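The values are calculated or read from the model by the stated rules, or taken from the named source; none is laboratory data. All figures in this text were calculated on a predicted structure; none of them were measured in a lab. We place every Cβ from the backbone using ideal geometry, glycine too, and count neighbours over all the protein chains shown. Only protein heavy atoms, including side chains, enter the accessible area calculation; ligands, DNA and RNA are left aside. Shrake-Rupley method; radii C 1.70, N 1.55, O 1.52, S 1.80 Å.
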Amino acid sequence: MKDCIFCKIINGEIPCSMVYQDERVLAFRDINPLAPVHVLIVPKQHIESAQALNESTSQIAAHIFSKIPGIAKELGIAESGYRVITNIGKDGGQAVPHLHFHILGGRKLETALG
Ligand code: DGP
């Protein structure tokens, strides 16, 4: 997608601090970290949000979740724990309309989600 920030990161137009990648996903450090560890994992295919997932695209979400435990180990937060969040749309607080999962950890996180 031409004007998508995360597509530009994926194709190398915008630099990032990469944590993991394979042929289908990229994980990189969030530019505005909200916790000592704050990584985003995104599909390389442009999908607008989790609301756009369907029978044919949901395998990418399964792939992302299969990679998160290994990434968390690499980041040193697997034992202490962490949170995985995806924001959807305006009320969900989604700023970048390219499906992404926040991986947050490295400190005790607030319990309030809303
Ligand atoms: P969300 O509100 O769920 O759409 O979160 C978008 C996140 O993306 C936000 O935490 C900041 C991050 N972000 C936005 N632009 C960039 C960028 O150019 N580079 C990196 N590394 N992160 C970005």
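Whenever you get a sec, line up 20, 82 from highest to lowest accessible area (probe 1.4 Å, protein heavy atoms).
If we order 20, 82 from most to least accessible, we get 82, 20.
Can you tell me the accessible area per residue over the chain, all protein chains present, probe 1.4 angstrom, in square angstrom?
That works out to 61 Å² for each residue.
I'm checking a number: the convex hull volume of the Cα atoms of the chain, normalised per residue, in Å³. What is it?
110 Å³
With a 1.4 Å probe and all protein chains left in place, how much of the accessible area of the chain comes from carbon and sulfur atoms, in whole percent?
So the carbon and sulfur contribution to the accessible surface is 53 percent.
Would you please put 93-104, 69-80, 37-48, 53-64 in order of how densely packed they are, using the mean number of other Cβ atoms within 10 angstrom per residue and starting with the highest?
37-48, 93-104, 69-80, 53-64
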